[in-house]
Amino acid sequence: MKNLYVDLHIHSTFSDGAFTPEEIVKHASKAGLAAISITDHDNTDATPSAIKAGKKLGVEIVPGVELSVEPESPRDEEIHILGYYIDWQDENFQEKLRHFREARRKRAYKILEKLDRLGVKIDPQQLFEFAGKGSVGRMHVAKVLKEEGFVNYLQEAFDRYLAYGKPAYVPKLRLPSQEALDLISRLGGISVIAHPIYGGNSKEIIQKLKGFGLDGIEGYYTKHSSEDVKRFRSWAKAFGLLITGGSDCHGEILDEEILIGNQKIPYDVLSQLKEYRKTKLGKCLTEEGHT
């Protein structure tokens, strides 16, 4: 029996990715993946299309989302929390996501205003056409800056204008970490801190989030070194957390190659996540007095 692999962190055109859900599933199938999760920012609209395509191509789809939460350390700009197996059709949840997407639109206008004051004039309509129906973000602004010749490559847009501390940076609306973790739990989901090297790279922060209800750490990640993986695995063991992983593929945007499936994450990682969820849900039902 051949080894089965998964990729539990991918972005589509519904947030800041270049591939449609259907294209992601095709790439996943071509890469030989057994399962994937599309974890768009503040958006789950890719889920139904991905599930439909997954059934055709034999790729299991794990419903997911990526939420931005407030930093737990002055060193961090923010922390990202992945939610897996959430009840993505929950109307209260979708209303909250719509609120966050509207906040992103307002933030985009503020970024354009700052750029305008720097002599960099961008048509808002062009920006929102780039974003399409998804959650507009800095990546879309960077694409327009490159398209209009203000920068030569996308990373330059962040380095000169859009990154934390740069002249056109505007923070986005973020949830308190406790609220984000409670939300994912209420939706029957599993919460995992994403790419901890970029936010939450401290044993003390992981321990604090564990106390708030965090379920796992994204240990396998495109930008994690072997030492990073070793460190995060040890933290997971110390605090009784799951280890998950993903490529964080955005398509052919900042990626020099298509990253889907690049981490060779064994299916056993997903199996453990499923078993953990069964236990967690069973415990919740027991505590609520259900049988």
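The values are calculated or read from the model by the stated rules, or taken from the named source; none is laboratory data. Since we're looking at a predicted model, the values are computed, not measured. All Cβ positions, glycine included, derive from the backbone under ideal geometry; neighbour counts span all protein chains shown.
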Any residue in segment 223-230 that is assigned by TED's automatic domain parsing to the domain that holds Val69, under 26 Å from Val25 (Cβ atoms) and in a helix (DSSP H, G or I)? no
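Test Lys143 against the stated conditions and say whether it is surrounded by 17 or more Cβ atoms within 10 Å (Cβ to Cβ), part of a helix (DSSP H, G or I), modelled with pLDDT under 95 and among the basic types (Lys, Arg).
Values: surrounded by 17 or more Cβ atoms within 10 Å (Cβ to Cβ): yes; part of a helix (DSSP H, G or I): yes; modelled with pLDDT under 95: yes; among the basic types (Lys, Arg): yes.
So Lys143 passes the test.
For (1) outside any strand (DSSP E or B); (2) hydrophobic (A, V, I, L, M, F, W, C); (3) touching a Pro at 6+ places or on another chain (Cβ under 9 Å); (4) crowded, with 24+ Cβ neighbours inside 10 Å, each residue gets a yes or a no:
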site: Ile24; (1), (2), (3), (4): yes, yes, no, yes
site: Ala28; (1), (2), (3), (4): yes, yes, no, yes
site: Ile36; (1), (2), (3), (4): no, yes, no, yes
site: Asn43; (1), (2), (3), (4): yes, no, no, yes
site: Lys52; (1), (2), (3), (4): yes, no, yes, no
site: Lys56; (1), (2), (3), (4): yes, no, no, no
site: Leu67; (1), (2), (3), (4): no, yes, no, yes
So which of Lys210, Lys172 is of a type in the set (Lys, Arg) and either touching a Cys at 6+ places or on another chain (Cβ under 8 Å) or farther than 24 Å from Glu275 by Cα (or both)? Lys172
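State yes or no: is Lys143 over 17 Å from the mean Cα position of the chain (by Cα), among the charged types (D, E, K, R) and farther than 14 Å from Leu162 by Cα?
Values: over 17 Å from the mean Cα position of the chain (by Cα): yes; among the charged types (D, E, K, R): yes; farther than 14 Å from Leu162 by Cα: no.
Against the criterion (over 17 Å from the mean Cα position of the chain (by Cα), among the charged types (D, E, K, R) and farther than 14 Å from Leu162 by Cα), Lys143 does not qualify.
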List the pairs whose first member sits in segment 27-40 and is in the same structural domain as Pro266 (by TED's automatic domain parsing), whose second member is among the aromatic types (Phe, Trp, Tyr), and whose Cβ atoms are under 7 Å apart, counting only residues at least 6 apart or on separate chains? His27/Phe19; Gly32/Tyr5; Leu33/Tyr5; Ala34/Tyr5; Ala34/Tyr267; Ala35/Tyr267; Ser37/Tyr84; Asp40/Phe14
Just to be sure before I move on: is Leu242 at pLDDT 95 or above and in contact with a strand residue (DSSP E or B) (Cβ under 9 Å, 6 or more places away or on another chain) in the structure I sent? yes
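Answer with yes or no whether Leu162 is under 21 Å from the mean Cα position of the chain (by Cα) and within 30 Å of Lys230 (Cα to Cα).
Working: under 21 Å from the mean Cα position of the chain (by Cα): yes; within 30 Å of Lys230 (Cα to Cα): no.
Judged against the criteria, Leu162 is not a match.
Using the structure shown, decide if Asp76 is modelled with pLDDT under 95, assigned to a loop (DSSP other than H, G, I, E, B) and of a type outside the set (Val, Ile, Thr). It would help to see each step written out before you state the result.
Values: modelled with pLDDT under 95: yes; assigned to a loop (DSSP other than H, G, I, E, B): yes; of a type outside the set (Val, Ile, Thr): yes.
Criteria met by Asp76.
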Any hit, segment 199-212, residues being part of a strand (DSSP E or B) and either of a type in the set (A, V, I, L, M) or surrounded by 15 or more Cβ atoms within 10 Å (Cβ to Cβ) (or both): no
